[in-house]
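Have a look at the structure below, then the notes.
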Amino acid sequence: MNSNVCGFGVVLAVVMVALAGQVRAQADGRDWENPDVLGTNKEPAHSTLMPYPNPGAALKGTREASGFHQSLNGKWKFNWSPKPSKRPREFYKPSFDVSAWKEIPVPSNWQLQGYGIPVYCNHPYSFKKDPPRVMGTPPADWPAYNHRNPVGSYRREFTVPAAWKGRQVFIHFDGVSSAFYLWVNGKKVGYSQGSRTPAEFDITPYLKDGANVLAAEVYRYSDGTYLECQDFWRLSGIFRDVYLWSAGKLHVRDFHADATLDDGYSNGVLSVKMDVQNFTGQAEKLSVEVLLLDAAGGEAASIKVGGVDAKPGANNKLTSPRITIANPAMWSAEQPNLYQVLITLKDATGQIVEVVGCKVGFRKVEIKGGQILVNG
């Protein structure tokens, strides 16, 4: 990337932070022009994961293999407005009639579906530069002159599987450009920006039996757009997958598997850190089993952590004892050998609550004598 562009981005970020205090009073309640607001009611970031009901399903490694996943991709009702003042303000209410609206595929970019104008540029902005505001008046020959900050209003219905009753239900957006508000059954759930990172919300309190009404209001530009300026097509919309997923009352909400080598580069060393969330409202006993499988599906190592007291809420931090694997098949660019880690969470009775997992490779990267060395 051009160094001048990188330098401009750093300076701009500093300026935005410096102006944040005074801008807050000028933003007129617009989260998408307030650098202090990156999201509202969003779930904290965590590693990519999907709960599975058993190890066999987890080994398949796809979302669809889990009974706790439901895709929301497909046709959504859609309305496009050239500026925020023209948007249908109450479209999120279940009583609002969207039957005459056209449909749009999710995921997609709305410019490629006939709404608005795609813009290609490198480091210049496609709207008036006035950080962190995005609604200034640009030159009259710019698309943003008439399409000041287009808004896409999305609606659809969904039904939660009966088997999820009594469980937590989350909605996950893999990518929305540039910022959006979310409602379920007419109740405001939250807000998110940062289009290249996922946004996740716990929608359990907003659900009802039968059909539920989901609404998302997407803005083309936000103050986050200033930090997403690069050499690419400037497009908008819900452009990555959307899905529901469900967790039990005990849930591994985050984990990190660290696979490395000992000082002699002959044995593998695995440790796993976890954050278990307890939704029951009271302390619960649980146990965890960490299983390591080789490429052929054989057990390479395992360890159990039992009798753990999980307090209500998140931040139940667990770390497994270090596991040593003799002479593992090491990972390198030439021979990318991978092992499968399965983390099985059990309740006080020993019943499986959920299984999560990932693939790991054993390697050690060091700098010695000015050389980068992999695996010694």
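For the residue pairs K208/K273; K129/K187; K86/K188, the C-alpha atoms sit more than 31 angstrom apart in K208/K273; K129/K187. Backbone amide hydrogens, once placed in the peptide plane, bring V119 within less than 5 Å of R234, excluding anything fewer than 5 places away on its chain. Over all pairs of different C-alpha atoms in the range 115-159, the reciprocal of the mean inverse distance, the Kirkwood hydrodynamic radius, equals 12.4 Å.
Name the shape class, rounded, prolate or oblate, that the alpha-carbon gyration tensor gives for the range 198-267, where a ≥ b ≥ c are the square roots of its eigenvalues, rounded holds for a/c under 1.5, and otherwise prolate holds if a/b is larger than b/c and oblate otherwise. Taking the square roots of the gyration eigenvalues as a ≥ b ≥ c, the range 198-267 is oblate. Could you give the angle, 0 to 90 degrees to the nearest 10, between helix 3-26's Cα long axis and the longest principal axis of the Cα atoms of the chain? Approximately 70 degrees, to the nearest 10.
Only one residue of V356, S108, P150 has its Cα farthest out toward the positive end of the dipole of the chain, where Lys and Arg carry +1 and Asp and Glu -1 on Cβ, and that residue is P150. When Rg and the Kirkwood Rh are both derived from Cα coordinates, the Rg/Rh ratio for the range 99-213 amounts to 1.04. The GluC sites (Glu not before Pro) of the range 312-376 that meet both conditions, a loop assignment by DSSP and at most 10 other Cβ atoms within 10 Å of the site Cβ, are E334.
With the cut-off at 1.5 for a/c, could you classify the range 129-285 from its C-alpha gyration tensor as rounded, prolate or oblate? In terms of gyration-tensor shape, oblate.
Rounded to the nearest 500, the helix-only mean residue ellipticity at 222 nm of the chain stands at -3000 deg cm²/dmol, with each DSSP H run of n ≥ 4 adding -39,500 (n - 2.57). Computed extension length for T40-N73: 9.5 nm, one decimal, from 0.36 nm per residue of separation with the Cα-Cα distance subtracted. Database remark: amide H of V252 closer than 5 angstrom to the amide H of Q277 (H placed geometrically; neighbours at sequence offset of 5 or more, or on other chains; Pro and chain starts carry no H). If only the Cβ of Lys and Arg carry +1 and only the Cβ of Asp and Glu carry -1, the dipole of the range 53-185 around its Cα centre is close to 240 debye. Orientation-averaged projection of the range 261-300 equals 4.7 nm² [convex hull of Cα atoms, one quarter of hull surface area]. At full extension, K83 and K208 could sit 41.7 nm farther apart than now, given 0.36 nm per residue minus the alpha carbon distance. For the pair R322 and E64, label points projected 7 Å from Cα toward Cβ lie 4.2 nm apart.
Applying Stokes-Einstein at 20 °C and 1.002 mPa s to the Kirkwood radius of the range 218-345, computed over alpha-carbon pairs, gives a translational diffusion coefficient of 118 µm² s⁻¹.
Roughly how far apart, in whole Å, are the Cα centres of the range 170-234 and the range 296-366? Measuring centre to centre over Cα atoms gives 32 Å. Under a model in which nothing but the beta-carbon of Lys, Arg (+1) and Asp, Glu (-1) is charged, the chain shows a dipole of about 980 debye around its Cα centre. Just add up the charged neighbours of A301: K/R +1, D/E -1, any other residue whose Cβ is under 13 Å from the Cβ of A301. Combined, the nearby Lys, Arg, Asp and Glu give -1.
Each value in this text was obtained by applying a stated rule to the coordinates, not by laboratory testing. It should be emphasised that the depicted structure is a prediction, and the values quoted were computed from it without experimental measurement. Cβ coordinates were reconstructed from backbone atoms using ideal geometry, including for glycine residues, and neighbour counts include every protein chain displayed.
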